[in-house]
Amino acid sequence: MNTIIIITVITAVVSYLIGSVNFSILISKAVSGSDIRESGSGNAGATNMLRTHGKGWALLTLILDIAKGAAAVLLTGLVMTLLTRRDMFDINAMGGGGTRLSLYGQLFGAQAYVSALFVLLGHCFPVFFGFRGGKGVATALGVVMVLDWQVGVIALVVALAIMAATRYVSLGSVIAAGLFFVLTFAKMFFYGSWNAVTLICAALMALLIIGRHHANISRLRHGTENKLGFKKKTE
């Protein structure tokens with residue numbers, strides 16, 4: 001059982017470090033010599049890159065942020081597959097009676113979600129950049145597409161539809177984050193495959209994305225949020 005905890009800690013730390021590599025900051029410094037956090041909205045993400053450096057660099061940032069989220073979860077999945085093949089885990093000992101799993105069994109089954117949570121934490125609070133990162137939307141997209149592509153596609157379609165209709169990137173992002181948790185919960189309910197650790201990680205991921213948009217939510221309420229395609233208003 002201790003092996004599962006050790007592996008969880010290691011994959012969480014590695015995922016956090018992967019997430020801490022903020023490509024918008026690195027690219028903006030390489031392109032203009034300035035930190036993206038000192039320009040535009042001040043957010044270290046693809047949307048601010050679009051506003052300050054144009055479509056090309058924004059697209060590159062978006063792709064790399066999506067890729068790092070997917071990479072962290074895929075790496076964890078690969079590690080767990082290799083360790084399982086080496087019989088490092090006593091799968092039978094994880095059952096708690098019937099189809100219920102013990103806490104260790106649930107932790108074993110939720111490794112990908114733990115990794116997903118920590119790569120998002122790394123993106124939002126990067127250790128390499130003074131814990132001042134982005135809002136995690138692109139990285140979350142890469143994460144969710146690997147965790148559950150069906151949920152990911154639904155959330156993405158809904159987000160894009162909202163963004164297209166309102167031109168508010170933040171609104172689409174926040175609703176998609178909430179929808180991710182709702183769909184994750186609904187699938188567990190429908191299939192009867194409950195995993196408390198997975199559900200907690202999904203809830204924390206959604207709350208993290210929504211929480212990082214607190215300023216946007218306030219501006220949406222007051223009708224002062226910037227729309228995609230328009231320059232930031234002069235204060």
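The values are calculated or read from the model by the stated rules, or taken from the named source; none is laboratory data. What you are looking at is a predicted structure, and each value in this text was computed from that prediction instead of being measured. As a convention, Cβ positions derive from the backbone with ideal geometry for all residues, glycine included, and neighbour counts pool all protein chains shown.
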> Of T3, T84, T52, which residue is among the polar types (S, T, N, Q) and in contact (Cβ under 8 Å) with a residue 40 or more places away in the chain?
Replying inline: T3
> Which of the residues belonging to the range 127-136 are surrounded by fewer than 24 Cβ atoms within 10 Å (Cβ to Cβ), assigned to a loop (DSSP other than H, G, I, E, B) and of a type outside the set (D, E, K, R)?
Replying inline: G130, F131
> Out of (1) more than 13 Å from D65 (Cα to Cα); (2) touching a Gly at 6+ places or on another chain (Cβ under 9 Å); (3) buried (at least 22 other Cβ atoms within 10 Å of the Cβ), the odd one out for S102 is which?
Replying inline: (3)
> If you go through the range 41-57, how many residues are more than 18 Å from the chain's Cα centre (by Cα) and in a helix (DSSP H, G or I)?
Replying inline: 8
>> So for the range 209-218 (the condition being crowded, with 20+ Cβ neighbours inside 10 Å and in contact with a Gly (Cβ under 8 Å, 6 or more places away or on another chain)), does at least one residue qualify?
In response: yes
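Please verify whether the range 97-116 includes one or more residues that are modelled with pLDDT of 85 or more and farther than 18 Å from A202 by Cβ.
no
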> Restricting attention to the range 193-207, which residues are at pLDDT 95 or above and surrounded by fewer than 20 Cβ atoms within 10 Å (Cβ to Cβ)?
Replying inline: L199, I200, A203, L204, L207
> Could you count how many residues in the range 141-151 are within 14 Å of S173 (Cα to Cα) and either in contact with a Phe, Trp or Tyr (Cβ under 8 Å, 6 or more places away or on another chain) or at pLDDT below 95 (or both)?
Replying inline: 1
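Every residue in the range 6-40 that is under 22 Å from the mean Cα position of the chain (by Cα) and either of a type in the set (V, I, T) or at positive phi (or both), please. Steps first, answer last, please.
Filtering the range 6-40 down to residues under 22 Å from the mean Cα position of the chain (by Cα) leaves 7-28, 36-37.
Of everything in the range 6-40, those that are under 22 Å from the mean Cα position of the chain (by Cα) and either of a type in the set (V, I, T) or at positive phi (or both) turn out to be I7, T8, V9, I10, T11, V13, V14, I18, V21, I25, I27, I36.
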> Which residue pairs have Cβ atoms closer than 9 Å, lie 6 or more positions apart in sequence or on different chains, and pair a first residue in the range 186-215 that is within 18 Å of L117 (Cβ to Cβ) with a second residue that is of a type in the set (F, W, Y) and outside any helix (DSSP H, G or I)?
Replying inline: M188/W194
>> Can you confirm whether L228 is out of contact with any Lys or Arg (no Cβ under 9 Å at 6 or more places or on another chain) and not basic (K, R)?
In response: no
